[in-house]
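Taking it in order: structure first as structure tokens, then the write-up.
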Amino acid sequence: MMKYKVSILSFVGSILFYSCASNKTEMTNYTKVETQSLLNEKISIRAILTDDNYLWYAGDNGNYGKINLKTNEVSKFKIQSDTIVNEIRSIAQTKEYIFLLPVANPANVYKISKKDNSQKIVYTEVNEKAFYDSMQFKDEINGMAMGDPTNNCLSVIVTNDGGNSWRKINCDNLPKVVEGEAAFAASNSNLMLEKSKSFMVSGGKKSRLFASDDFGKTWQVYNTPIIQGEEMTGIFTADFYNDKIGFIAGGNYMKPNDNTNNKAITFDGGKTWKLVANSEGFGYGSCVQFVPKSSGKALVAVGANGIQYSNDFGNSWKQLNEDKELYTIRFLDSKTAFAAGRNKIIKLNFTE
């Protein structure tokens, strides 16, 4: 694995600055989490999002749906298509529409009305190498999705008209990847759009951060210290609290309990990273998310070692729940989240 040098002085300064900033927000040290089952059936779910009073989800075999968070009523739907619909691992939204993007060939973006569930394919890519990993909207107009290379760069598609049409960015305008560098569709968390920044992460033989200041027109590439070099190693999940504070996690999927070199934090938008909790805390991580209103200090992760919580920028972790079959998590507020995985969706209530 390539060594990555970090300026100790600047990094310590960043920690001091953000530690002071975090004092502006009341911090909570969670010691337990209460769970409530919302869905229990045979389905694999790696894509969820909150939408006012609803939780939307998408899974395998073209299945998706929504849960009314006031009544817990579940509405189940299925993609209607003439083509094979693979597992859906990317979901995004605007005010009026949900967008779904299944993995594998053909790569179709489905635009679905929240009002009447009408479905329309707004992008199609036919390529045996097509495999999209994550999708997100920046606002009501601009959206982006990223996936594995079909040529010598990561696949990136964008929309600038609210999802009515999408176009693929040419590899000439994207950084080149090395052979064996791709991404993991573990939890719809390979792509993050924060203010004027776009971030995406890769894994495999090389595990890096790609950052753009102009919504994908130009990119900067930064190395990370996350374990890499093998097909199933690298960054599986990332989250940015804002355009400066970010966290990456993953590890070795084939060695789920290995917690070496699998967690790192940045305070400068991904330019420099510092390994945290090395050989401590959780092993393989499928999804990590910042706790809202925590100034970037608190995080929750799910994966091979259950539900894990940190209240010190990821430097130490404690297990709050042993469920190893959760793949993805999203917060509703600072004390409430939803997690999904193998045959389940649960509600999480964090308490001191």
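Computed from the coordinates by the stated procedures, all read-outs in this text should not be read as laboratory data. Source: prediction; values computed, not measured. Note: ideal-geometry Cβ built from the backbone for every residue, glycine included; neighbour counts use all protein chains shown.
Give the lysines reachable from Lys76 as a straight Cα distance under 29 Å; neighbours fewer than 8 places away on the same chain don't count.
List returned: Lys42, Lys66, Lys95, Lys111, Lys114, Lys115, Lys120, Lys138, Lys324, Lys335, Lys344, Lys347.
Given contacts defined as C-alpha pairs under 8 Å and at least six residues apart, what's the relative contact order of segment 75-152, whole-number percent?
24
Per-residue HN-Hα couplings for segment 277-291, Karplus 6.51 cos²θ - 1.76 cosθ + 1.60 at θ = phi - 60°, whole Hz, x for Gly and Pro?
6, 5, 6, 9, x, 7, x, 4, x, 8, 8, 10, 9, 6, 6
What are the trypsin sites (Lys or Arg not before Pro) within segment 46-128 that DSSP puts in a loop, where the Cβ has at most 11 other Cβ atoms within 10 Å?
When the trypsin sites (Lys or Arg not before Pro) of segment 46-128 are filtered for loop state and at most 11 Cβ neighbours within 10 Å, Lys70, Lys95, Lys115 remain.
Please say if segment 188-229 is rounded, prolate or oblate, where rounded means a/c under 1.5 for a ≥ b ≥ c the square roots of the C-alpha gyration tensor eigenvalues, and otherwise the choice is prolate for a/b larger than b/c and oblate otherwise?
prolate
Can you give the Kirkwood hydrodynamic radius for segment 250-352, in Å, rounded to one decimal and based on Cα pairs?
Radius from the Kirkwood sum: 13.8 Å.
Based solely on its DSSP helices, what 222 nm [θ] is calculated for the chain when runs of n ≥ 4 H residues each add -39,500 (n - 2.57) and the sum is averaged over all residues, nearest 500 deg cm²/dmol?
Taking each H run of at least 4 residues, the total per residue is -1500 deg cm²/dmol.
Sequence gap at least 6, Cα distance under 8 Å: using those rules, report the relative contact order of segment 8-351 to the nearest whole percent.
Here the relative contact order equals 15 percent.
Take the Cα pairs of segment 131-205, get the Kirkwood Rh, then feed it into Stokes-Einstein at 25 °C and 0.890 mPa s and tell me D in µm²/s.
The diffusion coefficient I find is 195 µm²/s.
About its Cα centre, what dipole magnitude does segment 155-233 give when the only charges are +1 on Lys and Arg Cβ and -1 on Asp and Glu Cβ, stated in debye to the nearest 20?
100
Wrap a convex hull around the Cα atoms of segment 43-131, take a quarter of its surface area, and give that in square nanometres.
Its average projected convex-hull area is 5.5 nm².
Once phi is turned into θ = phi - 60°, what whole-Hz ³J(HN,Hα) does the Karplus curve with 6.51, -1.76 and 1.60 give for every residue of segment 89-106, x standing for Gly and Pro?
10, 10, 9, 8, 8, 10, 4, 10, 9, 9, 10, 10, 9, x, 7, 6, 8, x
Quick one: 3J(HN,Hα) in Hz for segment 217-233, Karplus 6.51/-1.76/1.60 with θ = phi - 60°, rounded, Gly and Pro as x.
Coupling constants for segment 217-233: 6, 9, 9, 10, 10, 10, 5, 10, x, 5, 3, 7, x, 10, 4, 10, 10 Hz.
In the chain, if the dipole is taken from +1 on Lys/Arg beta carbons and -1 on Asp/Glu beta carbons about the Cα centre, which of Ser90, Thr336, Ala58 is farthest to the positive end?
Checking the options against the dipole of the chain, the answer is Thr336.
Mind checking the dipole of the chain: about its Cα centre, +1 per Lys or Arg Cβ, -1 per Asp or Glu Cβ, Debye to the nearest 20?
300
Along the charge dipole of the chain, Cβ charges K/R +1 and D/E -1, which of Leu326, Gly251, Ala264 sits furthest on the positive end?
Ala264
Taking all pairs of different Cα atoms in the chain, averaging 1/r and flipping that mean, what Kirkwood radius in angstroms comes out?
In the chain this quantity evaluates to 20.1 Å.
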